[in-house]
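The values are calculated or read from the model by the stated rules, or taken from the named source; none is laboratory data. Small disclaimer: the values here were computed from a predicted structure and weren't measured. Cβ atoms come from the backbone with ideal geometry, glycine included; neighbour counts cover every protein chain shown. Note: areas computed on protein heavy atoms with side chains; ligands, DNA, RNA excluded. Shrake-Rupley method; radii C 1.70, N 1.55, O 1.52, S 1.80 Å.
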Amino acid sequence: MQALKQNGSGLYFTTLVDFDTLWGHRNDHLGFASGLQQFDSLLPEILGNLTENDLLIMTADHGCDPTTPSTDHSREYVPLLVYGKEIKSNVNLGVRKTFADIGATIAENFGLKGTGVGESFLKQIL
């Protein structure tokens, strides 16, 4: 939140590791649910600190359902939520072929040459 409030430019990358290490892999569904509620309560403040040109991408690196008997990765698909004041609403980005699509989108957003892996979805949302 401090970084957002500074109104700087660039890329902010945040990982919410507790969802993975403390709750998901430990089958702590109550902790996971509590973490989701806490994060959800912060979303209005996060969105309120975004500027007109900001792009917020929320995803996960893998699924880890805390209600399954296993403590291993449990889902093949992860959410991909994209928000920005200047982007189209209600765009279905579908099931992406690769996680690298996010990297390709970020590279294009900053006008950088990508790695050649992944397909940017920036044009779909602008």
Point to revise | Flag if L80 is closer than 24 Å to L122 by Cα, modelled with pLDDT of 90 or more and surrounded by 12 or more Cβ atoms within 10 Å (Cβ to Cβ) | key: yes
Practice item. Filter the stretch 16-35 down to residues that are part of a loop (DSSP other than H, G, I, E, B), of a type outside the set (D, E, K, R) and without any contact (Cβ under 8 Å) to a residue 40 or more places away in the chain and give me whichever is farthest from D54 (Cα to Cα). Key: V17
Check your understanding: Just wondering, is there one or more residues in the stretch 88-109 that are in contact (Cβ under 8 Å) with a residue 40 or more places away in the chain, over 15 Å from T59 (Cα atoms) and open to solvent by 80 Å² or more (accessible area, probe 1.4 Å)?
Key -> no
Check your understanding: Is there a residue in the stretch 53-76 that is surrounded by 11 or more Cβ atoms within 10 Å (Cβ to Cβ), more than 16 Å from the chain's Cα centre (by Cα) and closer than 27 Å to N7 by Cα?
Key -> no
